[in-house]
Every structure is written in C-alpha cells, then in structure tokens.
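Reviewing the structure listed below.
The values are calculated or read from the model by the stated rules, or taken from the named source; none is laboratory data. Predicted model, so just to flag it, every value in this text is computed and none were measured. Neighbour counts are summed over all protein chains in view; Cβ atoms, including those assigned to glycine, are modelled from backbone coordinates with ideal geometry. SASA here: full protein model, heavy atoms, side chains in, ligands and nucleic acids out. Shrake-Rupley method; radii C 1.70, N 1.55, O 1.52, S 1.80 Å.
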Amino acid sequence: MVTRKLIALSLVIASFGVFAVNSAVADTPEARRVEILELKVQNDQYAYTDLDPKGPSLGDTYVYSGTAIKDGRSVGRGGGSCQVIDIKGAELTTQCLVTMEIDRGSLTMQSLWVSGTSRLDMAITGGTGDFSSARGTVRYGDIATPDERVRAEILH
C-alpha cells in the first residue's frame, strides 16, 4: 500500500515537473521573437502643472506629446505624463507613463525617471494590435532636445 502511494506521488511529481519545464521553455527569450524599433521623437506639446506649494512638490506633473519619425517622415504619435513622487534637494523622481501609437498598434510603457537626465529606460507593459502581447524595454535618449530618439526592443 505504501509502495503504491509512493509510485502515485512520484508520477504526480514527475508530471508536474514536465509541465513546469514545458511552461518555462515556452516563455524563454529564445522562444520569443525580438523586434527592434528605432525612431526619432519630435516633441510638439508640453505642459507642467505646479501644485501648491509653489515650486517642486509631490504630485506636480509633466504632460507631453509628440510625433514618431522614421526616415524623415511621421510614422506615429505618442505622449505621456510624469508625476513627481520623490524630492531630494534639486533631484525630482517621477513616475512616467507613455503610450506610442504606430500603424500596427500601440505600446504602453512605464518607469521611474529622475527629471533632467538625458536617458530613460522604460518597461513595455503591453499594447494593442500587433503589440497586444508585447513585453520588452524602451530606451529614450537626448530627452527634450531636437535629437531625442527612442529604441524599443519588443518581445513578441
């Protein structure tokens, strides 16, 4: 009787182990396709909401929008907001949410950013259309300059 229980338990454990390995393999980076998207960003609208008290304070928000450019032509649009969540002297840490829309769908991104730094790495948190199951990272460079650019490494 004990032998039968041990055999049954071993079969259950072995079955679970096979299932866990197959699930892990299905979601490994090797099993996913990586798409690289490199674009120039042309900012067109910007607003800063300064809550009381005057000057940098928790809850102050930057809101912006712009156009995605590839080979000199517009291929999409995007925008987002960053809200101040931490202040240490002159250093403002913000929580940023961005959405970029191109003809194949949209990508949503999120991260923390120290205001004024020229680079921002964001996590892709989802999307629509061809990007409905997307994950990955997006790096913005030369932020708020005429040379601002974005490089997305999208896992499908």
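Some points to look at:
- Residue check, Tyr46 open to solvent by 80 Å² or more (accessible area, probe 1.4 Å) and either at pLDDT 95 or above or under 20 Å from Leu120 (Cα atoms) (or both): yes
- Evaluated against (1) within 15 Å of the chain's Cα centre (by Cα); (2) over 19 Å from Val41 (Cα atoms); (3) surrounded by fewer than 16 Cβ atoms within 10 Å (Cβ to Cβ); (4) modelled with pLDDT of 95 or more, Ser133 falls short on exactly one condition, (4).
- Selection from the range 59-117 of residues that are touching a Pro at 6+ places or on another chain (Cβ under 9 Å) and either surrounded by 14 or more Cβ atoms within 10 Å (Cβ to Cβ) or farther than 17 Å from Tyr48 by Cα (or both): Val84, Ile87, Leu92, Ser115
- Yes/no for Gly141 being in contact with a strand residue (DSSP E or B) (Cβ under 8 Å, 6 or more places away or on another chain) and on the phi > 0 side of the Ramachandran plot: no
- Test: residue in the range 119-129 that is surrounded by 16 or more Cβ atoms within 10 Å (Cβ to Cβ) and touching a Cys at 6+ places or on another chain (Cβ under 9 Å): yes
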